[in-house]
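Derivation of every value follows stated rules applied to the coordinates shown; laboratory data play no part. Note that this is a predicted model, so its numbers are computed, not measured. As a convention, Cβ positions derive from the backbone with ideal geometry for all residues, glycine included, and neighbour counts pool all protein chains shown.
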Amino acid sequence: EAAPRTTRAQSLDVLSSQANIAGYKAVLIAADVYPRFMPMLMTAAGTVKAARVLILGAGVAGLQAIATAKRLGAVIEASDVRPAVKEQIESLGAKFLDVPYETQEEREAAEGVGGYARPMPPSWLARQSALVHERAKQADIVITTALIPGRPAPTLISADTVQAMKPGSVLVDLAAGRGPEGEGGVRGGNCPLTEADKVVTKHGVTLVGYTNLASMVAADASSLYARNLLDFLKLIVTKEGALNIDLADDIVAATLLARDGAVTRKA
């Protein structure tokens, strides 16, 4: 989380490499749980409509989820607080759910910091919530991927929205266990009804709360993670094997937490 979101840092970005896998696996899990086909099928026994998929959050995980769902033939809508991702969403074949910004505060928050999303003002969140509620009612599969570093995951799908969703629909919550504390100190995710590491059915909707989807694609997850670590070690270890902490390197400086008994970066 401390590494800057720059082109040079991409090869050692563990968050991105593992989120990419999580977004892919989330769609496969949803397809497995969903009791119908994903693509449209025209058969002698009748026509099957394509599944409608709603993806909330278009970071690395969300974009991979869009691409994977598209390959499976779904009709996809996606939303994100950052206006810059609209082009990426549409290039992958999904429709962007646009919530206009009414104030400069909303626009500045949407730009984010260093590639990470920031908490949005309540006025924008209220408008987004109303739009998401209406689109979720029409969706067959909802995948939520929104996380904000250092803060609880934002609530994107309320309990009322789950109750309004179609029976048999599926919600895969990639933020399971990292949402705000609810009753009894239990944390949901982007939906308060999600239960960490469980698959539960509430109001006729199947909620998937797996917290380590990358481990379900273990071979590639381990390979990519190992490459992330190797590329990071190249920055702080010389060819001779000696430790070399170069604070002139922006990646090393950003990720250094303590040195010589002193904390160099606050949590």
### Task
Report ³J(HN,Hα) in whole Hz for each residue of region 171-182, in order, from the Karplus equation J = 6.51 cos²θ - 1.76 cosθ + 1.60 where θ = phi - 60°; Gly and Pro get x.
10, 9, 9, 6, 9, 3, x, 10, x, x, 5, x
## Note on the structure
The computed P(r) of region 40-157 puts the percent of Cα pairs beyond 20 Å at 43
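Helix-only estimate, please: 222 nm mean residue ellipticity of the chain, summing -39500 (n - 2.57) across DSSP H runs of length 4 or more and dividing by its residues, to the nearest 500.
On the way: 8 runs with 94 residues, N = 267.
-11000 deg cm²/dmol, from helical runs alone.
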### Normalised per residue, the volume of the convex hull around the Cα set of region 202-267 (Å³)
160
### Query
Quick one: length gained pulling LEU256 to ALA242 fully straight, 0.36 nm per residue minus the C-alpha distance?
3.3 nm
### Message
Using amide H atoms built in the peptide plane, which far-off residues or other-chain residues are under 5 Å from LYS95 H to H?
### Response
ILE76, GLU77, ALA78
### Listed residues LEU247, LEU233, ALA221: farthest to the positive end of the dipole of region 218-263 (Cβ charges)
ALA221
### Query
In straight Cα distance, which lysines are under 25 Å from LYS86, not counting same-chain residues fewer than 8 positions off?
LYS25, LYS70, LYS95, LYS137
#### Entry: For the chain, with +1 on Lys and Arg beta carbons and -1 on Asp and Glu, the positive-most of ALA44, ILE148, SER91 along the dipole
ALA44
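Work out the length of the dipole vector of region 218-263 about its Cα centre, built from +1 on the beta-carbon of each Lys and Arg and -1 on the beta-carbon of each Asp and Glu, and round it to the nearest 20 debye.
On the way: 4 positive and 7 negative charges, 22 e Å.
Taking the Cα centre of region 218-263 as origin, the dipole is about 100 debye.
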### Task
Measure out, as a whole number of angstrom, how far apart the alpha-carbon centroids of region 214-243 and region 58-77 sit.
27
